[in-house]
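Chemist: So that we are looking at the same thing, I have put the structure below in structure tokens.
Please treat every number below as a calculation from the coordinates, not as lab data. Remember, predicted model here, so these are calculated numbers, not experimental data. Positions of Cβ are generated from backbone atoms using ideal geometry, with glycine treated the same way; all protein chains shown enter the neighbour counts.
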Amino acid sequence: MPPLKQTRQGYVDALLELAPVLPQLVVLDADVAKATKTCDFEKKYPARFFNCGTAEQNELSVAAGLALEGFIPFATTFAMFATTRAGDQLRNSICYPKANVKVVGSHAGITTGGDGASHQACEDLAITRALPHLTVLVPGDYEEARQATHAAARHVGPVYLRLGRDAYPVVPELHDGFIIGRAKCLRDGNDVTLVSTGIMASEVLAAATLLAADGVSVRVLHYPTLKPLDPEPLLRAAHETRGFVTAEEHSIVGGLGEAVASFLAEHHPAPLRRIGVRDVFGQSGHAAELLDLYGLRARDIVRAARAVLATSVPVAAK
Amino acid sequence: MPNPFASPATPSVADLAVKARAIRRDIVTMVHRANSGHIGGSLSATEIMVALFHGIMRHDPQQPRWPGRDRFVLSKGHCSPVYYALLADCGYFPRTDLETFRRPGSHLQGHPSQGRTPGIDASTGTLGLGLSTACGLALAAKLRGETHTVFVLCGDGEQQEGQIWEAAMFAHKYQLDHLIAFTDRNRLQTDGDTEEVMPLDPLAEKWRAFGWSSWEIDGHDFVQIAAAVARARAEPGRPAMIIANTTKGRGVSFMENVASWHGTPPTADEHARALAELNHAAA
């Protein structure tokens, strides 16, 4: 078993690294500072931390005002509230005027676990992808979240950073630098391409290992930036492999799967299966149980890859 | 930072009244020409806006981003006609730009767009956002020890939005005493009387209960507007919400206190009659 660490911890560790060198950086939270870990920042920099109470709409608009005056606000709350409760403020206070706000949505996806469907944001990527000017970052483990936070702080313009509640496997393949808009090729192969975003990287790599054991040549692409979507690795994989499986801890509507599918449909149509939450609300449970229940495991990715291979032709025969 | 604005002599109340009539003519003409836009709430806010831009606020149209300027946020963003007319009148952009209001390619969008139009400090449009954004502007000033004021103009119907009261609590918590807001209390919203659509009274009491200074004035009286800002500045530690009682559609007899003039453009005939009234008043 690889070690497990939280992406939200990577975020806050990065904030603590950035604070001394980036005096414009301030942090806002909405009464979930203990859960998002921004309480660690508050302890060290109380004058640069603003708890807005359970008022996420005000939080995001206040952050926009601070950004207009040159501050770099990290407006932190649960993904659910950042993108739905405060969706108007995200759109009209932040994205429309390109306010330099970093909106950080923690506790995203079904791995939020026990809180149940009301708190399991599985549509936040669909919403944020649809907003002009917004960069969407979905790191896959602690270290990638730490690096993504550094990149977000340096990036001029609004950013949505998606984090999770659970402790997720550390994936060393993800740690070789973070450039916004750049996908990572984790394995090379020419039968099938597996595409991950966020915490699905570890499941996708496990699936690749299982398939490789059966003699399937697997390419693995990881997309920690969902928007803008890095086109070149997809285009190359469309030419060099027989089809795609996408995997995300998010609805199959509007997230990675649809982003990849629509790109391929326009540029190089290819067989594709989507692994994700299949347009249903989640429920309470442990994160591991829910990943099993909603079909987000390596075995589900393997099954989808076999389906793609069964309906496609070898590249040489194209 | 020294104020580079070559401060003109403070205009007299008579000068301001002449200015207000000219702004009202611009408002009815812009909305008529665009065949869309919000007249009623622009006409009710005219004296407040004239007082702010031609007497109260420190600002420099030659340097729209001058850091020492007072900020202004039109939280009732649909009343952009009065805002654009004032900005043009101050010289932020040519008056002929007003002819492009709500047309493709124009910087004068239906609702204020920061970054597009010189002199606009915050994008607004969906109601309730502007006061919170102004809180961010005021907090930024406080963090840096800057002394400029952040002015906000809210609608009354807008205060049915929950976010307004989130901002109210925030400004009180962080003692944003350089935040001075007006409510254009014209008592009419799109669907009718505010007290029938969703009652707001007693509004000043609500704001005081949230820890703000708040009281009522006549929002068409330049002397009362200036005195209210002076009083708000004299009360340290608290933001202020000045409830300015106004008449929706003020200055055009057939538009006054008629809810349907919230967002209806005047026909050619109505436009001519409105201008005749506003010209006659100037005589």
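Chemist: What is the fewest-to-most order of B:Trp207, B:Trp165 by other Cβ atoms lying within 10 Å of their Cβ?
Modeler: The order, fewest Cβ neighbours first, is B:Trp165, B:Trp207.
Chemist: Something else now. Using 0.36 nm per residue, how much length does the chain from B:Asp269 to B:Trp215 gain when fully extended, once their Cα-Cα distance is taken away?
Modeler: Length gained, B:Asp269 through B:Trp215: 15.5 nm.
Chemist: Can you give the % of DSSP beta bridges in the protein assembly as shown that are antiparallel, to the nearest 5?
Modeler: The antiparallel fraction comes to roughly 15 percent.
Chemist: Can you compute 3J(HN,Hα) from phi for each residue in the range A:141-153, using the Karplus curve 6.51 cos²θ - 1.76 cosθ + 1.60 with θ = phi - 60°, rounded to whole Hz and x for Gly and Pro?
Modeler: 7, 3, 5, 5, 5, 4, 5, 5, 5, 4, 5, 5, 5
Chemist: Which value in Å is the Kirkwood Rh of the range B:143-283 over different Cα pairs?
Modeler: 16.6 Å
Chemist: Another one. What whole-number distance in Å separates the alpha-carbon centres of the range B:74-147 and the range A:140-168?
Modeler: 33 Å
Chemist: Now, a different point. Taking the 0 to 90 degree range and rounding to the nearest ten, how far is the long axis of helix A:298-311 tilted relative to the main principal axis of chain A, both from C-alpha atoms?
Modeler: Taking Cα atoms only, the helix is inclined about 50 degrees.
Chemist: Identify, among A:Ser312, A:Gly276, A:Gly254, the residue whose Cα sits farthest towards the positive end of the charge dipole of the range A:237-318, taking +1 on the Cβ of Lys and Arg and -1 on the Cβ of Asp and Glu, with the dipole about the Cα centre.
Modeler: A:Ser312
Chemist: While we're here: Over all directions, how big on average is the projection of the convex hull of the alpha-carbon atoms in the protein assembly as shown, in square nanometres?
Modeler: Mean projected area of the Cα convex hull: 29.3 nm².
Chemist: May I ask you to sort B:Cys154, B:Cys90 by Cβ crowding, counting other Cβ atoms within 10 Å and putting the fewest first?
Modeler: B:Cys90, B:Cys154
Chemist: Moving on. When DSSP assigns beta bridges and you keep just the ones with both residues in the range A:128-271, what percent turn out antiparallel, to the nearest 5?
Modeler: 30 percent
Chemist: Sticking with this structure for a sec: Determine the principal axes of the Cα atoms in chain B, then give the extent along each, sorted from largest to smallest and rounded to whole angstroms.
Modeler: 51, 46, 37
Chemist: Roughly speaking, what is the centre-to-centre gap between the range A:203-267 and the range B:242-269 when only Cα atoms are used, to the nearest Å?
Modeler: 57 Å
Chemist: Here's a follow-up. Add -39500 (n - 2.57) for each DSSP H run of 4 or more in chain B, then divide by its residues: what number comes out at 222 nm, to the nearest 500 deg cm²/dmol?
Modeler: Helix-only estimate at 222 nm: -12000 deg cm²/dmol.
Chemist: Nothing charged except the Cβ atoms of Lys and Arg (+1) and of Asp and Glu (-1): what's the magnitude of the dipole of the range B:31-150 about its Cα centre? Round to the nearest 20 debye.
Modeler: Here the range B:31-150 has a charge dipole of around 220 debye.
Chemist: Hey, what did chain B get for relative contact order, percent, Cα under 8 Å, at least 6 apart?
Modeler: It comes to 23 percent, rounded to a whole number.
Chemist: More than 27 angstrom separation, counting every C-alpha pair in the range A:56-196; what % is that?
Modeler: In whole percent, the share of Cα-Cα pairs in the range A:56-196 beyond 27 Å is 22.
Chemist: Turning to a different aspect of this structure: Ranking request for peptides A:95-108, B:121-134, A:260-273: highest mean number of other beta-carbon atoms within 10 Å first, then the rest in descending order.
Modeler: Top of the packing list down: B:121-134, A:95-108, A:260-273.
Chemist: Hey, another quick one. List every residue whose amide H lies under 5 Å from the amide H of B:Phe72, counting only residues 5 or more places away in sequence or on a different chain, with H placed 1.01 Å from N in the peptide plane.
Modeler: Under 5 Å from the amide H of B:Phe72: B:Asp121, B:Phe151.
Chemist: So in chain B, what percent of DSSP beta bridges are antiparallel if you round to the nearest 5?
Modeler: Of those bridges, close to 10 percent are antiparallel.
Chemist: Quick one: which residues, 5+ away or cross-chain, put their amide H under 5 Å from the amide H of A:Gln6? H built at 1.01 Å from N.
Modeler: Those qualifying (amide H under 5 Å, at least 5 residues apart or on another chain) are A:Tyr168.
Chemist: Please list 3J(HN,Hα) in residue order for the range B:44-58, calculated via the Karplus relation 6.51 cos²θ - 1.76 cosθ + 1.60 where θ = phi - 60°; whole Hz, with x for glycine and proline.
Modeler: 6, 8, 4, 5, 4, 5, 5, 4, 5, 7, 10, x, 8, 7, 8
Chemist: D for chain A, whole µm²/s, Stokes-Einstein with Kirkwood Rh over alpha-carbon pairs at 10 °C and 1.306 mPa s: what number?
Modeler: For the chosen part, D equals 82 µm²/s.
Chemist: What ³J(HN,Hα) values, in whole Hz, does the Karplus curve 6.51 cos²θ - 1.76 cosθ + 1.60 give for the range A:265-275 when θ = phi - 60°, with x put for Gly and Pro?
Modeler: For the range A:265-275, the Karplus curve yields 4, 7, 10, 6, x, 8, x, 8, 10, 10, 9 Hz.
Chemist: As an exercise, use a Förster radius of 56 Å and the Cβ-Cβ distance of B:Val13 and A:Leu16 to find the FRET efficiency, rounded to the nearest 0.05.
Modeler: Here the calculated transfer efficiency is 0.50.
Chemist: Separate question: To the nearest 20 debye, what charge dipole does chain A have about its Cα centre, counting +1 at the Cβ of each Lys and Arg and -1 at the Cβ of each Asp and Glu?
Modeler: Computed charge dipole of chain A: roughly 340 debye.
Chemist: Could I ask something else about it? Could you grab the relative contact order for chain A? Cα pairs under 8 Å, six or more apart, rounded to a whole percent.
Modeler: Result for chain A is 17 percent.
Chemist: So between A:Ala130 and A:Val280, what do we pick up on full extension, going 0.36 nm a residue minus the alpha carbon distance?
Modeler: Working it through step by step, the gained length comes to 52.0 nm.
Chemist: What percent does the relative contact order of the range B:25-139 come to when contacts are Cα pairs within less than 8 Å and at least six residues apart?
Modeler: Computed value for the range B:25-139: 28 percent relative contact order.
Chemist: Once you place label points 7 Å from the Cα toward the Cβ at B:Phe254 and A:Thr84, how far apart are they in nm?
Modeler: The modelled label-to-label distance comes out at 4.9 nm.
Chemist: While we're here: Picking from B:Ala226, A:Gly105, A:His239, whose Cα lies most toward the positive end of the charge dipole for the protein assembly as shown (charges on Cβ: Lys, Arg +1; Asp, Glu -1)?
Modeler: Projecting each Cα onto the dipole axis, the largest value belongs to A:His239.
Chemist: Grab the beta carbon distance between B:Glu99 and B:His172, set R0 = 45 Å, and tell me the FRET efficiency rounded to 0.05.
Modeler: 0.55
Chemist: Quick one: dipole size for the protein assembly as shown, taken about the Cα centre, charges +1 on Lys/Arg Cβ and -1 on Asp/Glu Cβ, in debye to the nearest 20.
Modeler: The calculated dipole for the protein assembly as shown is roughly 1060 debye.
Chemist: Same structure, new question: What is the set of long-range amide H partners of B:Met57 at a cut-off below 5 Å, with H atoms built 1.01 Å from backbone N?
Modeler: Those qualifying (amide H under 5 Å, at least 5 residues apart or on another chain) number zero.
Chemist: If you don't mind, there's one more thing I want to ask. On a 0 to 90 degree scale, rounded to 10, what angle separates helix A:231-240 from the longest Cα axis of chain A?
Modeler: Value to nearest ten degrees: 10.
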